[in-house]
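Remarks on the structure that follows.
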Amino acid sequence: MREADVERYFVRKVREAGGLPLKFAPPGWAGAPDRIVLLPGGRVVFVELKAPGKKMRPLQVKRAKTLEGLGFQVYCLDSKEAITAFVSEVCHEV
């Protein structure tokens, strides 16, 4: 499975759960997560999507830590199973 396949699956599942998985590419901030996910209740989480078995690059890890330091949740997902768990746990929180 390629990263593009993981991303398509992610977008579909988050939309089905009532979320808005927006592409996140802020100018001048390389290494930002792929998606900013807007969820019901005003919740916001960030998601980096990877091909199965791939890991975040050092700059991506640094950006994730910066966002987490500001109080945001950051996830790295690399499979349909990880996406299913994310949707079940994060998208359905009240």
task = Provide a single number: the residues in the range 40-60 that are under 17 Å from ALA25 (Cα atoms) and in contact with a strand residue (DSSP E or B) (Cβ under 9 Å, 6 or more places away or on another chain).
result = 9
remark   = Residues of the range 58-89 being under 17 Å from LEU39 (Cα atoms) and β-branched (Val, Ile, Thr), in sequence order, are VAL74, ILE83, THR84, VAL87
query = Quick one: is CYS91 at pLDDT below 95, in contact with a strand residue (DSSP E or B) (Cβ under 7 Å, 6 or more places away or on another chain) and on the phi < 0 side of the Ramachandran plot?
reply = yes
query = Quick check, is GLY53 within 17 Å of VAL6 (Cα to Cα) and at pLDDT below 95?
reply = yes
query = If you check every pair at least six apart or on different chains, which have Cβ atoms under 6 Å apart with a residue in the range 8-31 that is in contact (Cβ under 8 Å) with a residue 24 or more places away in the chain first and a residue that is surrounded by fewer than 14 Cβ atoms within 10 Å (Cβ to Cβ) second?
reply = GLY18/PRO40; GLY31/LEU59
ask   = If you take the residues of the range 1-22 that are within 13 Å of PRO52 (Cβ to Cβ) and not hydrophobic (A, V, I, L, M, F, W, C), which of them is modelled with the lowest pLDDT?
value = GLU3
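The values are calculated or read from the model by the stated rules, or taken from the named source; none is laboratory data. Computed from a predicted structure; not experimentally measured. Note that we place each Cβ from the backbone using ideal geometry, even for glycine, and neighbour counts take in every protein chain shown.
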